[in-house]
C-alpha cells in the first residue's frame, strides 16, 4: 500500500472506530496532531504507536511544535522559546546563537522522536515584522540572511535527532497583516522585491536540501492571480525550477479561510495537487474530510511517494537516550540565557 496524498487530524486522545476507518483509506498518508490529542508522554506514545501500526508503510505523523505560542505538547515537554529569541541572541553573539539554534532544533526533534512523532512543521522561514499578527515572534529575525543562517543551524540539529524539516510559509508570510486562518492576505509587492527579501531564506534552505516546504495562503497579484498554494507559477516555476527545491510540498490547511477560493474542499484539493502539492492538509472539519475521501479522484505520483518516504522519522546514530544525552544539558543551559517568552497558545482549531 502507498502513502496517500492527504494528511488529516483525529478527534481525541485515542483513536475512535471512525478515526481508524478514515486512516486506513488509501488517500490518507498522514496525521497531524493538536493540543487536544495530548495529555502526557505515555498517552501520546500509545497514540502514535497505534497510528503507525495501522498501515504499511506507516502513516506520517506531524505536529506544529515551533516553540513560543505554537507548541502543541507542553506538559512533560521542554517549554521552547519563540524563534525571535534566537535572533535577538544572534545580534549579540552570532557564533553562540548558531550553536544554540542547532541545540534547540535537536532538543525539539529529540523529544518528539522519543514519542514517535515523525516531524514538526518547522522551522518558520518568514521574516520578522511587527506588522504581521500571525507570524511576528515566530520568525527568527527581520534580516533574510540571518533567518537563513539560523534556520540552517536549527535544521542541522533536527537532522541529528533523526527528524526531517519543513520550511514555512513560502514565499514569506511575515510582511502581511492579515491572518490566513481567518481571511486571504494580499501582498502587492512584485517578484523582484520578494526575491531579494522574503524568498532568500527559502532559497538558502532549498539549496541546503531541506526535505519539505509549506506554501502560504497568500495572494500576490503582481505574480499570479491565485493564492500561492494553488499556483503552478509559484510551486512549479519558482519553487521547483528557480529555487531547485526537490523535497515534499505540503499545502497549508485547506480548511482555513485563506484557502477558501471555492466552497468545495474537493475542488480545493484538486487545485492544490494540480499546482504541485505532494500532500494536502485537511484539519478540524471531519465532514470535509469525509467528502474529500468520497469524491476526490487523484492518481498517486511515484515521485511524490519518494519524497513523502523521506519524511519518516529516523533513529539517529549512535542511538543515545535523549534524556541522558549531553546535548540536552547544553540546550537546557542555553534556555536560561534567553528572555522568558509569555505562553500565548495558538488556538487548537487551526494548523499553523
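Note on the chain: with a GNM built from Cα contacts shorter than 10 Å, the maximum mean-square fluctuation among 204, 235, 303 falls on 303.
For the chain, rounded, prolate or oblate, judged on the Cα gyration tensor with a ≥ b ≥ c (square roots of eigenvalues), a/c < 1.5 rounded, else prolate if a/b > b/c? Note, shape of the chain comes out oblate.
Site pair residue 20 and residue 244 shows an inter-label distance of 4.8 nm when each label is modelled 7 Å from Cα along Cα→Cβ. Taken over the alpha carbons of the range 54-122 as equal point scatterers, the Debye sum produces base-10 log I(q)/I(0) values at 0.18, 0.20 Å⁻¹ of -0.71, -0.83. With a Förster radius of 51 Å applied to the beta-carbon distance between residue 297 and residue 88, the computed FRET efficiency rounds to 0.55.
Ordering 199, 1, 7 from the fewest to the most neighbouring beta carbons within 10 Å gives 1, 199, 7.
Using alpha carbons only, how many angstrom separate the centre of the range 191-254 from the centre of the range 17-38? Computed from Cα coordinates, the inter-centre distance equals 27 Å. For the chain, adding -39500 (n - 2.57) for each run of n ≥ 4 DSSP H residues and dividing by the number of residues yields -10000 deg cm²/dmol at 222 nm.
Is any residue of the range 9-29 close enough, with backbone N under 15 Å, to a label point placed 7 angstrom from the Cα of residue 75 along the Cα-Cβ axis, and if so, which? The answer is 13-14. Between residue 11 and residue 222, the simple spin-label model (points 7 angstrom out along Cα→Cβ) gives 4.8 nm. When the chain is treated as a GNM with alpha-carbon contacts under 10 Å, the residue of 157, 12, 276 showing the greatest mean-square fluctuation is 12. Compute the FRET efficiency between residue 196 and residue 131 as 1/(1 + (r/R0)^6), taking r as their Cβ-Cβ distance and R0 = 25 Å, and round to the nearest 0.05. Efficiency computed from Cβ-Cβ geometry: 0.85. The ranking of 15, 254, 80 from fewest to most other beta carbons within 10 Å of each one's beta carbon is 15, 80, 254.
Each label was represented as a point 7 Å from its Cα along the Cα-to-Cβ direction; for residue 53 and residue 189 these points are 5.0 nm apart.
Among 38, 230, the order by Cβ neighbours within 10 angstrom, fewest to most, reads 38, 230.
Values quoted throughout were computed directly from the atomic coordinates according to the rules given, and no laboratory measurement underlies them. All values reported here derive from a predicted model rather than from experimental measurement. Because the Cβ atoms are built from the backbone with ideal geometry, glycine has one as well, and the counts that use them run over all protein chains shown.
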